[in-house]
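The values are calculated or read from the model by the stated rules, or taken from the named source; none is laboratory data. Computed from a predicted model, the values in this text were never measured in an experiment. We place every Cβ from the backbone using ideal geometry, glycine too, and count neighbours over all the protein chains shown. Only protein heavy atoms, including side chains, enter the accessible area calculation; ligands, DNA and RNA are left aside. Shrake-Rupley method; radii C 1.70, N 1.55, O 1.52, S 1.80 Å.
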Amino acid sequence: MIEFFPPDVFEADRETLFEIVRAIGTGPEQRFILGEATTRLERELAASLGAADVVACSSGTSALTLILHAMGVGPGDEVIVPAYGCAPLAATVVNLGATPVFADVDPWTLVVDPSDVEACVTGRTKVLLPAHIFSVMADMPRLLKIAERYGVRLVEDSAVAQGAVLDGRPAGLWGEAGLYSFVQVKSFGTAGEGGAVVTDNLDLARDIRMLRNHGQDGRRRFLHHVIGYNSRFDEIQARFLLHRLPGFPERLERRARIADYYTRRFSALAAHGVIAPPPGRNGRCYYVYTLLTDRRDALRDHLARHDVASHVYYPLPLPAQAAFAAWAPPGRRWPGAERASRCTLSIPVHPLLTDAQAEHIADTVCAFAVGTHDRR
């Protein structure tokens, strides 16, 4: 079976990881959180991005919570979020007492539709929160103009897009703040959880840095300047990510080459009811590679019969989820999000795939598309 996410993703790093755990666990300082390795990781990530600051925290979800809290999002505020995507997009807003407003997504790129975002803006809108999804960055140039036009803040959920670049600007640096997730299946994954805030706003970074550690400023313990959170970063994860950072561009390139190959193979399949994501590399980061087809379940079963694992993300739009029903206006529809929930299927694109495995996956998808179409 060709796994969707490889179980041996850290096999080559096994001995290094064990040594890191031993070194930190037996070190004289016994510093397990927010130590020298975390500081160095923040600096190296900031330098690689050209960002003013990076603040490492416990997860991508926590990073988003810290950003919105630091921006003062709370009761009476509205935050415009995509109707299709991961639950934290809306949950972080709700947990701060604000209202998520769901904007529809583009039916092909699956990222939030800027025209629908603009239609959702009201006098209560405080933040636009687009999210990059699967292989595609949101249309940040248009969204930036909308934010400027209406005087609202722009936060970029770039959790899955670390390493992507749109028009020369890295994902995470289009808005006032962005975020990454380091959970193991992400492009820059670690052996556990973690995340980071990226920003060019040093005042915002200072506030987020306090919020992640119970409102302390990092100079003197037990003096709490604001009500904060426990979102501190783990030193083992920091040192492991520093170890993996030099190889990150090569892993990204491998993902992109596999995606380029898929896109070439699948370019003619739209006539057979299987649609590949938009081609190219501008604004792309191939965390996963996602196809669109009305025969999603049949394609999934076909791939499984040929020893290829696939994955269905987000089987319901966010406003159709029971958790967010209270924030879904009666009678409102999100056709792009509804179609995405019915029709998306993601196939393996991880950097450990061999050329032969990628060819087998592509052959299997093509055989399904052409074969089922011919039998109609």
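Checking the condition buried (at least 21 other Cβ atoms within 10 Å of the Cβ) and assigned to a loop (DSSP other than H, G, I, E, B), which residue from GLY97, GLY85 passes? Even if it seems obvious, please write down each step before you answer.
On the way: GLY97 fails: buried (at least 21 other Cβ atoms within 10 Å of the Cβ).
Among GLY97, GLY85, only GLY85 is buried (at least 21 other Cβ atoms within 10 Å of the Cβ) and assigned to a loop (DSSP other than H, G, I, E, B).
Read through the list (1) open to solvent by 30 Å² or more (accessible area, probe 1.4 Å); (2) in contact with a Gly (Cβ under 8 Å, 6 or more places away or on another chain); (3) among the hydroxyl-bearing types (Ser, Thr, Tyr), then give the number of the only condition that TYR150 fails.
(2)
Say we look at the range 32-53 and pick out the residues that are surrounded by fewer than 22 Cβ atoms within 10 Å (Cβ to Cβ) and β-branched (Val, Ile, Thr); which of these is modelled with the highest pLDDT?
THR39
Does ILE24 satisfy being surrounded by 14 or more Cβ atoms within 10 Å (Cβ to Cβ), at pLDDT below 90 and part of a helix (DSSP H, G or I)? Break it down into steps so the answer makes sense when it comes.
Details: surrounded by 14 or more Cβ atoms within 10 Å (Cβ to Cβ): yes; at pLDDT below 90: yes; part of a helix (DSSP H, G or I): yes.
So ILE24 passes the test.
Quick one: VAL197 ticks every box in (1) more than 22 Å from the chain's Cα centre (by Cα); (2) closer than 17 Å to ALA161 by Cα except a single one, so which number is it?
(1)
Filter the range 337-354 for residues that are out of contact with any Lys or Arg (no Cβ under 9 Å at 6 or more places or on another chain) and open to solvent by 10 Å² or more (accessible area, probe 1.4 Å) and give the result.
Filtering the range 337-354 down to residues out of contact with any Lys or Arg (no Cβ under 9 Å at 6 or more places or on another chain) leaves 337-341, 346-348, 354.
Selection gives GLU338, ARG339, THR354.
Taking GLY74 and the conditions (1) assigned to a helix (DSSP H, G or I); (2) open to solvent by less than 10 Å² (accessible area, probe 1.4 Å), which numbered condition does it fall short on, given that it satisfies the others?
The one condition GLY74 does not meet is (1).
Give me the residue from the range 192-224 that is touching a helix residue (DSSP H, G or I) at 6+ places or on another chain (Cβ under 6 Å) and open to solvent by 30 Å² or more (accessible area, probe 1.4 Å) and, out of that set, farthest from ARG153 (Cα to Cα).
My answer is ASP217.
Quick one: in the range 258-280, of everything that is under 20 Å from the mean Cα position of the chain (by Cα) and crowded, with 17+ Cβ neighbours inside 10 Å, which residue is farthest from ILE133 (Cα to Cα)? Can you show your working first?
Here is the first cut: in the range 258-280, the residues under 20 Å from the mean Cα position of the chain (by Cα) are 258-259, 276-280.
Adding the requirement that they be crowded, with 17+ Cβ neighbours inside 10 Å leaves 258-259, 276-277.
Values: ILE258: 18, ALA259: 15, ALA276: 14, PRO277: 11 Å.
Only one residue fits best here, namely ILE258.
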